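What follows draws every value from the coordinates through simple rules; no lab data is involved. What you are looking at is a predicted structure, and each value in this text was computed from that prediction instead of being measured. Methodologically, a virtual Cβ is constructed for each residue, glycine included, from the backbone with ideal geometry; neighbour enumeration extends over all protein chains shown.
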Amino acid sequence: MKSVRKLDNHTVEFRLAQPDASFLWHLATHYASVMSAEYARKLEKEDRQEQLDRQPVGTGPYQLSEYRAGNIFAYNVMMISGVVSR
């Protein structure tokens with residue numbers, strides 16, 4: 001990764017050090033999701049970084065509605081700017 005920067009409230013720019021065809025796939029996985037920087041800093045200050053895995057605060061058009069470890073993840077579609085995102 002060469003750099004990551006916020007362009008606006010809805011856009012993040014990733015600059016890779018070299019071409020990587022798997023980058024978007026990795027970005028779509030649970031371990032590379034975009035999360036709240038404020039929440040991450042708060043947990044770091046409280047020495048509770050492991051909570052990011054157990055109680056993440058993410059971004060995007062979906063809200064977690066049900067979770068059973070190793071079994072089910074269920075989401076609800078959220079309204080964003082008055083439009084349902086699908």
For this session: Give the percent of DSSP beta bridges with both residues in the chain that are antiparallel, rounded to the nearest 5.
Result: 100
Problem set entry | Net charge of neighbours whose Cβ lies under 15 Å from the Cβ of Ser3, counting Lys and Arg as +1 and Asp and Glu as -1 | +2
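From Cα pairs below 8 angstrom and at least 6 apart in sequence, can you work out the relative contact order of the chain, rounded to a whole percent?
So the answer I get is 15 percent.
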Exercise. What per residue convex hull volume, in Å³, do the alpha-carbon atoms of region 3-84 yield?
Worked result: 147
For this session: Apply the Karplus parameterisation 6.51 cos²θ - 1.76 cosθ + 1.60, with θ equal to phi minus 60°, to every residue of region 36-49 and state each ³J(HN,Hα) to the nearest whole Hz, in sequence, with x for glycine and proline.
Result: 5, 5, 4, 5, 4, 5, 4, 5, 4, 4, 8, 6, 10, 4
Problem set entry | In order through region 4-21: 3J(HN,Hα) via Karplus (6.51 cos²θ - 1.76 cosθ + 1.60), integer Hz, x for Gly, Pro | 9, 8, 7, 8, 7, 5, 10, 9, 10, 9, 10, 10, 8, 5, 7, x, 8, 5
Seminar exercise, completed: Counting only residues 5 or more apart in sequence or on a different chain, those whose built amide H sits under 5 Å from that of Tyr62 are Met78
